[in-house]
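Everything on this sheet refers to the single structure shown next.
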Amino acid sequence: MSTRTTRTRLLAAAAVTVAALTLTACNDGIGLRDEGAPAGSPKSAPQANEKTVKDEGQESTPKNSTPKDSKVADGTTGSTTSKDSKKSQESRTSQKSQGSQKSQGSPAKLSACTTIRSSATVVSRPLNHLLLTVTNTGTKNCTLPYYPAVRFDEAQSVPPAFKESQPQAVVTLAPGESGYAGVRLSAADGSGSHGYTAKSLTVFLNTSTGTSTNPKLPTEGVYVDSSIAVSYWQQTMADALTW
């Protein structure tokens, strides 16, 4: 074998050896450099990160919170539902108030007083005046409507009332409370006529029911003339004796 042939074979063997070593290095990852995925190929890692961020965002929202632009189940906004709730509450409050007023009873719906105790007292001021007192001895509230119809002895007419003495509300008496009315018996200046001394008195509280009482007069009686007049029923003595 010639020397030239031997050298050629050695070079060929060396080349094969180098190629084998190079292939082994590629398989082991030695010297491998990531050139990047081909253009247009999806990236799995960013998708995972995006999903994680999205999930975390959902968990940070309170379960009971309602987005500002969302509608409640019945098709109304949250603010409208709040107004409806307020109206409903006001309606219940109004109904409760009306029920309370009905339970207490208004003077217009109460019955006129029938179970009473009465008295008639001559007062020093104003002159020639008589104070009528009526006390509710019943167990329920009652009213004293209008003014008393008084009759001294066998008088055939009922004295008029002072119109300006009419109160703004009907006098209402709870059990044990009293109402008052004043009677001007005669003119202080003596201008009245047809005067006489009366020894008895009948007071009609309510002409529709016929309720009446007979308070006692002083033993000597009281002097009455044509100027006699009465006040409407009042809550206080002072108001009753104003006229």
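Note on T219: accessible area approximately 130 square angstrom, rounded to 10, probe 1.4 Å, nucleic acids and ligands left out.
Taking all protein chains together and a probe of 1.4 Å, list T135, T114, T236 from the most accessible to the least accessible.
Numbers: T135 15, T114 85, T236 60 Å².
Result, largest first: T114, T236, T135.
Accessible surface of D239, taken over heavy atoms with a 1.4 Å probe and every protein chain present, rounds to 70 Å².
Report the GluC sites (Glu not before Pro) located in segment 138-203 that are in a DSSP loop and have at most 10 other Cβ atoms inside 10 Å of their Cβ, or state none. Intermediate results must be reported in sequence, preceding the final value.
Details: sites: E154, E164, E177; in loops: E154, E177.
Listed in order of number, the matching sites are E154.
Ranked by solvent-accessible area (1.4 Å probe, protein heavy atoms only, all chains present), the residues K216, K199 order from largest to smallest as K216, K199. Assuming charge only on the beta carbon of Lys and Arg (+1) and of Asp and Glu (-1), the dipole of segment 113-243 about its Cα centre is about 260 debye to the nearest 20.
Could you tell me the convex hull volume per residue, in Å³, taken over the Cα atoms of segment 118-229? Walk me through the intermediate numbers first.
On the way: hull volume 13.0 nm³, N = 112.
For segment 118-229, the hull spanned by Cα atoms encloses 116 Å³ per residue.
The values are calculated or read from the model by the stated rules, or taken from the named source; none is laboratory data. Model, not experiment: these values are computed from the prediction. Note: ideal-geometry Cβ built from the backbone for every residue, glycine included; neighbour counts use all protein chains shown. Accessible surface is based on the protein model in full, side chains and every heavy atom, while ligands, DNA and RNA are left aside. Shrake-Rupley method; radii C 1.70, N 1.55, O 1.52, S 1.80 Å.
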